[in-house]
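Following: one structure in structure tokens, then a few remarks.
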Amino acid sequence: MDFISGEIIGIDKPLGWTSFDAVKRLRGAIQRRLHVKKFKVGHAGTLDPLATGVLIICTGRATRRIEELQNGDKEYVATIRLGATTPSFDLETKIDKEYSWAHVTRKMVEEVLPRFTGKIMQVPPVFSAVKVDGKRAYNLARKGKEVELKAKPLEIKEMELLSCDFPEVTLRIVCSKGTYIRAIARDLGEALGSGAHLIGLRRTRVGMIPVSSCMSMEEALERISTAELTFPEDYRLPAEN
């Protein structure tokens with residue numbers, strides 16, 4: 001592996017890990033392998049701690065490709081629960097309101113989904129990394145401050161109903177960069193008159209990289225520690241102590 005010239009590593013991010021957790025762990029493993037104290041590692045597209053799936057990690061000079069990679073379409077499988085809402089639109093916060101969902105049918109769900117496909121405007125969740133006056137919205141929201149975010153343009157290229165096991169609905173979604181699946185859960189609940197929040201999310205593809213080609217964190221760490229190393233001609237190994 002040539003970490004200096006740059007490697008692009010697809011990770012199947014575990015539940016509960018932040019994207020930064022994954023980067024930090026892999027960066028540490030690479031630093032130990034190269035015997036350096038600093039090394040450039042980044043990710044191409046944040047994945048929430050409560051989500052699993054494709055997280056693209058770039059090393060060395062490949063970090064220059066982060067913007068290109070994160071601009072690729074994303075595919076998700078999302079499980080949404082009707083009948084209740086949370087301030088974060090997912091399981092990060094507790095249920096704040098409950099609603100009846102008994103009136104909702106599969107046909108109703110199928111009929112409202114086209115509203116959310118194509119080029120649309122979406123208001124990001126207040127529990128998000130969007131900046132408001134230089135501060136992250138989620139930091140303001142967690143302090144109980146009111147946050148007003150503006151709708152942003154994005155594109156939902158595909159939305160497929162995979163199952164209806166009421167009060168849970170599972171969707172496959174292909175979307176552009178910047179889409180909040182939690183916001184889709186919010187908007188779907190409003191459209192159905194039942195309220196809703198996201199209870200499960202798996203990113204199954206980023207650009208041309210499917211989750212089936214990704215490594216677990218354990219596999220990636222093992223590969224870093226055992227793979228044969230190669231170096232660009234202009235790289236000098238640090239002197240041995």
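The values are calculated or read from the model by the stated rules, or taken from the named source; none is laboratory data. Values in this document were obtained by computation on a predicted structure and should not be read as measured data. Here the Cβ positions follow ideal geometry from the backbone for every residue, glycine too, while neighbour counts run over all protein chains shown.
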Test Thr85 against the stated conditions and say whether it is within 18 Å of Thr179 (Cα to Cα), touching an Asp or Glu at 6+ places or on another chain (Cβ under 7 Å) and either among the acidic types (Asp, Glu) or at pLDDT 95 or above (or both).
no
Restricting to the range 46-68, what's the tally of residues that are buried (at least 17 other Cβ atoms within 10 Å of the Cβ) and either more than 14 Å from the chain's Cα centre (by Cα) or assigned by TED's automatic domain parsing to the domain that holds Lys157 (or both)?
6
With out of contact with any Leu (no Cβ under 7 Å at 6 or more places or on another chain), aliphatic (A, V, I, L, M) and touching a residue at least 12 places away in the same chain (Cβ under 8 Å) as the only criterion, which of Leu162, Leu192, Leu188 stands out?
Leu188
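Check the range 194-216 and report whether any residue there is of a type in the set (D, E, K, R), out of contact with any strand residue (DSSP E or B) (no Cβ under 7 Å at 6 or more places or on another chain) and either under 27 Å from Pro14 (Cβ atoms) or at pLDDT below 95 (or both). Spell out the reasoning first.
Within the range 194-216, the subset of a type in the set (D, E, K, R) is 202-203, 205.
Remaining after also requiring out of contact with any strand residue (DSSP E or B) (no Cβ under 7 Å at 6 or more places or on another chain): none.
Looking through the range 194-216, none of the residues is of a type in the set (D, E, K, R), out of contact with any strand residue (DSSP E or B) (no Cβ under 7 Å at 6 or more places or on another chain) and either under 27 Å from Pro14 (Cβ atoms) or at pLDDT below 95 (or both).
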Looking at this structure, is Phe39 assigned to a loop (DSSP other than H, G, I, E, B) and within 21 Å of Pro125 (Cβ to Cβ)?
no
All but one of (1) at pLDDT 95 or above; (2) closer than 26 Å to Lys143 by Cα; (3) more than 16 Å from the chain's Cα centre (by Cα) hold for Val104; which doesn't?
(2)
Considering the range 169-185, residues that are touching a residue at least 60 places away in the same chain (Cβ under 8 Å) and surrounded by fewer than 18 Cβ atoms within 10 Å (Cβ to Cβ), and then whichever is nearest to Val126 (Cα to Cα), we arrive at Lys177
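Residues checked against (1) among the acidic types (Asp, Glu); (2) out of contact with any helix residue (DSSP H, G or I) (no Cβ under 6 Å at 6 or more places or on another chain):
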| site | (1), (2) |
| --- | --- |
| Arg61 | no, yes |
| Gln70 | no, yes |
| Leu82 | no, yes |
| Asp90 | yes, no |
| Glu98 | yes, yes |
| Trp101 | no, yes |
| Val109 | no, yes |
| Pro114 | no, yes |
| Met121 | no, yes |
Given (1) without any contact (Cβ under 8 Å) to a residue 60 or more places away in the chain; (2) surrounded by 12 or more Cβ atoms within 10 Å (Cβ to Cβ); (3) within 23 Å of the chain's Cα centre (by Cα), Lys157 misses just (1)
Of Leu26, Leu15, which residue is part of a loop (DSSP other than H, G, I, E, B), over 20 Å from Ser176 (Cα atoms) and modelled with pLDDT of 95 or more?
Leu15
For the list (1) outside any strand (DSSP E or B); (2) more than 14 Å from the chain's Cα centre (by Cα), I need the number of the one condition that Thr179 fails.
(2)
Can you name every residue in the range 32-81 that is without any contact (Cβ under 8 Å) to a residue 60 or more places away in the chain and acidic (Asp, Glu)?
Glu67, Glu68
Within the set of pairs 6+ apart or on separate chains, which have a first residue in the range 82-111 that is more than 12 Å from Ile199 (Cβ to Cβ), a second that is at pLDDT below 95 and of a type in the set (Ser, Thr, Tyr), and C-beta atoms under 8 Å apart?
Pro87/Thr93
Is one or more of the residues making up the range 63-75 closer than 21 Å to Glu158 by Cα, out of contact with any strand residue (DSSP E or B) (no Cβ under 9 Å at 6 or more places or on another chain) and not in a helix (DSSP H, G or I)?
yes
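Glu240: surrounded by fewer than 17 Cβ atoms within 10 Å (Cβ to Cβ), at pLDDT below 95, more than 23 Å from Lys13 (Cβ to Cβ) and not assigned by TED's automatic domain parsing to the domain that holds Val36, yes or no?
The answer is yes for Glu240.
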